[in-house]
Amino acid sequence: MKKGLMVLFGCMVFFLGFAAFAWAEEGVTDTEIHIGQWGPQTGPAAAWGSVARGTGDYFKWINATGGIHGRKIVYHMFDDGYNPAKTKAGVKELQEGTGIFAWASGVGTSPGLAVKDYLMERKVPWVGPAAGSLHWVSPPEKYLFGVYPLYYNEARALVRYAVETMGKKRVAVAYLNDEYGKNGLRGAVKELENHGMELVAQVPVEKSDSDMKPHVMKLRKSDADMVLLWTTVSHAVRIVGTAKAMNFAPQFMSTSTCSDFPLMTHISKGLWEGVICATFGELPDSDHPGMRHYKKEVFDQFASKDERWGMFYAAGIIFIEPMIAALKNAGPELTREKFVAEMEKITGFKGIGPEVNFKPFDPDDMYSRQGTRQTFLVQCLADGKAKKLTDWITLE
Amino acid sequence: MVDFIQMVVSGVAVGSSYALMGLAMVIIYKTSEVPNFAQGEMALVTSFFTMMLLTTFGYPVWLAFALAFVFAAALGAFLEFAILRRAKNPNILGTIVITIGLEMVLLGLVSWKFGAEHKTMPFPIGPYDSFIIGDIFISKLETLTLFSALGLMILLFFFFRYTRLGLAMKATQQNSVAAKIVGIRTNRIMMMTWGISSVVGATAGLLISPVIMHPFMMWDPLLKGFAAAVMGGMTSLPGAVAAAYLLGIIENLFGGYVSIEFKSVVAFAIIVLVLCFKPSGLFARHYVKKV
């Protein structure tokens, strides 16, 4: 009798324990939601390190205003130095050690590609990679939601503007010789095809290149009247500067990753003036109510004293706004499946970035997971301020 | 033809910063037979220190640069005194590992103190100011770098050949025990060598800084400078400089006529070829010891 009771008690403990385990979601407790992000605080892409810091301050503000259904966000950010090997090691360590509910943003195509399969195999949601790569959504993945405008579409919007509005006839591209640069190159080629045109030059730039004279000589030789720059910030500045020195003065255009005009103006010593960029969010110093709100509530209260209110810092909020909306809509019984279901219900979402629309997962429709098709174009003015050239452009 | 001349001129221009880094490495190698992989980061620390003097404290350029050279010399001497000398009879491999460790510490220090965001240093000559002769473009800043490299090379050449200190440095490299016996304070010589080398490297850093500054800015010049030093034979000052210019020109011609994609790799392909066919370098004398 006594033995039977012991067995019964053991079974109860086992099943109750199992039931509790089955209910709990990885990275969620009664009081916390664990969210991770990588971001280059050092290394060649450190100029984009403020994205992860912007997200961190945004989470601090959410926690200070009550959290999400009573839970605080615990933010796990690490510096991967834009090194995919470090990204993978850091993500695995946090995922398997701490247990992360979902991943937010994360700078870079190559670092993101290093962990994409790992996260998707484990069915861990990842929202708003801070890179406009086609790899996130081609083919689409159930747990990966893109918020950044595709580089491919940015390049198309810039080339379209150059050809149709500015009447440019000879377009060349200088691109970083990796997937980031090649996404921009493909977009430019496609848009020119649509206009019955071809590139007059395509010049690859290697990450380690510091002397841009050979590249600019090739561009000058092509007699391009518009040069699209899909490189790192420092390469872009060096190309524009070297071109000026060589008396080569085409219209330069560039990707949203080079659209932080105060920074670009400073490091180019004013030579960035006149460059046209695509962008992924409202301008930080604009009168947009959302931007003013975040500047006052998030940046002024939570940013460190060395931080600068700029496009990349704001990007850390832009890419995560839909995630926060879905977390709130998922209610207090938070699970990954509920969260994904709420992400899929996001339509017509307008924060400080482009309009975001998701759909129920369809493996044949990349726009079920690529939330935006919009970008707009801005031109850099003498003092690093931006002039809006277009409204939001929607590309199919 | 214009393109060819432009590529050669650009090659010479870019070779100047390689030459300065190559010279700095050769100076230490001549005395201790150690390739100093912290050379780039020593220049980096001095460059950021100078920028701080210029922007935070508002010092005039001449004063900031003068203090920078003093700082560079002190930094080199300090690292030798405080780190290298403390190692207990390390072999060459051990010393290389120490310099790599130093490189990481200095890089981390700059990232921590000055942040990783890109910056530029104020300088009287703009980074893209240039002379245009016919259709050929020559950067003013790179012209200054060229004259600095040649000037320092000549100065160092005469220093090593005709001054007592220079001769003592050569003696320390050739046989440190014998040098000690004849009364040369080899420890002091090593410290001075590191100081002089640091000043030469800092000159490269200071002339790169007006273009763009970030914690990784010295990697490319260091690697190319090392390539030039190896090509030149590691102990020859004019050899390192000539190899640096050769490297710059080959890189540019390769980028212009063969493949721009593999332009950066060509330097290392040349090292492999040189080490295969002339291991002592293109310009150094090959010593054979009888045993």
For this session: May I ask you to work out the translational diffusion coefficient for region A:300-363 at 4 °C, viscosity 1.567 mPa s, via Stokes-Einstein with Rh from the Kirkwood sum over Cα pairs, reported in whole µm²/s?
Result: 97
Problem set entry | Structure-based [θ]222 nm, chain A - -39500 (n - 2.57) summed over DSSP H runs of at least 4, per residue, nearest 500 | -11500 deg cm²/dmol
Problem set entry | FRET efficiency, B:PHE158 to B:VAL265 (Cβ-Cβ, R0 45 Å, nearest 0.05) | 0.80
Exercise. Taking N as the number of residues in region B:66-157, what value does Rg over Cα atoms divided by 2.2 N^0.38 Å take?
Worked result: 1.53
Problem set entry | Dipole magnitude (debye, nearest 20) for chain B, charges at Cβ of Lys, Arg, Asp, Glu | 1540
For this session: Tell me what chain B gives for mean residue ellipticity at 222 nm when only DSSP H runs of n ≥ 4 count, each as -39,500 (n - 2.57), the sum divided by the residue total, rounded to 500 deg cm²/dmol.
Result: -23500 deg cm²/dmol
Exercise. In chain A, with Lys and Arg counted as +1 and Asp and Glu as -1 at Cβ, which of these residues, A:ILE62, A:GLY196, A:TRP103, has the Cα nearest the positive end of the dipole, that is, farthest along it?
Worked result: A:GLY196
For this session: Give me Rg over Rh for region B:153-251, both radii from the alpha carbons and Rh done the Kirkwood way, two decimal places.
Result: 1.04
For this session: Using only alpha carbon pairs under 8 Å that are at least six residues apart, calculate the relative contact order of chain A and give it in whole percent.
Result: 17
For this session: List the relative contact order of region A:110-210 as a percent without decimals, with contacts defined as Cα pairs under 8 Å and 6+ residues apart.
Result: 24
Problem set entry | Relative contact order of chain B, pairs being alpha-carbon contacts under 8 Å that are 6 or more residues apart, as % | 37
Problem set entry | Leading residue at positive end of dipole, the protein assembly as shown (Cβ point charges), from A:LEU219, B:ALA38, A:GLN370 | B:ALA38
Problem set entry | ³J(HN,Hα) computed for each position of region B:92-99 - Karplus, 6.51 cos²θ - 1.76 cosθ + 1.60, integer Hz, glycine/proline x | 4, 4, x, 5, 4, 4, 4, 5
For this session: Starting from the Cα of A:LEU381, step 7 Å along the direction of its Cβ; do the same at A:TRP61; then give the gap between the two resulting points in nm.
Result: 2.4
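Starting from the alpha-carbon convex hull of region A:116-203, give the projected area averaged over all orientations, in nm².
6.2
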Problem set entry | Equivalent ellipsoid, the protein assembly as shown (semi-axes from 5 times Cα gyration tensor eigenvalues, Å) | 49, 34, 22
Seminar exercise, completed: Quick P(r) readout (region A:45-197; Cα-Cα; 10 Å bins; whole %) gives 10, 33, 30, 17, 8, 1
For this session: Based on other C-beta atoms within 10 Å, arrange B:SER17, A:SER268 from fewest to most.
Result: A:SER268, B:SER17
For this session: Read phi for every residue in region B:21-28 and hand back ³J(HN,Hα) as whole Hz from Karplus 6.51 cos²θ - 1.76 cosθ + 1.60, θ = phi - 60°, with x for Gly and Pro.
Result: 5, x, 4, 4, 5, 5, 4, 5
Problem set entry | In sequence order, calculated HN-Hα J values of region B:182-196 (Karplus, 6.51, -1.76, 1.60; Hz; x Gly/Pro) | 7, x, 7, 7, 5, 4, 5, 4, 4, 5, 5, 4, 4, x, 5
Exercise. Based on the alpha-carbon gyration tensor of region A:27-119, what equivalent-ellipsoid semi-axes (square roots of 5 times the eigenvalues) come out, in whole Å, largest first?
Worked result: 23, 16, 8
Exercise. What residue among A:MET323, A:THR255, A:THR232 has its Cα farthest toward the positive end of the dipole of region A:212-336, where the charges are +1 on Lys, Arg and -1 on Asp, Glu, each on the Cβ?
Worked result: A:THR232
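With charges only on Cβ, +1 for K and R and -1 for D and E, what is the dipole size of the protein assembly as shown about its Cα centre, in debye, rounded to 20?
The calculated dipole for the protein assembly as shown is roughly 2420 debye.
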Seminar exercise, completed: The Cα radius of gyration of chain A, divided by 2.2 N^0.38 Å with N its residue count, comes to 1.07
Problem set entry | Computed log₁₀ I(q)/I(0) - Debye formula, equal Cα scatterers, no solvent, chain B, q 0.13 Å⁻¹ | -0.90
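Computed from the coordinates by the stated procedures, all read-outs in this text should not be read as laboratory data. Being a predicted model, the structure only gives us computed values, none of them experimental. Note: ideal-geometry Cβ built from the backbone for every residue, glycine included; neighbour counts use all protein chains shown.
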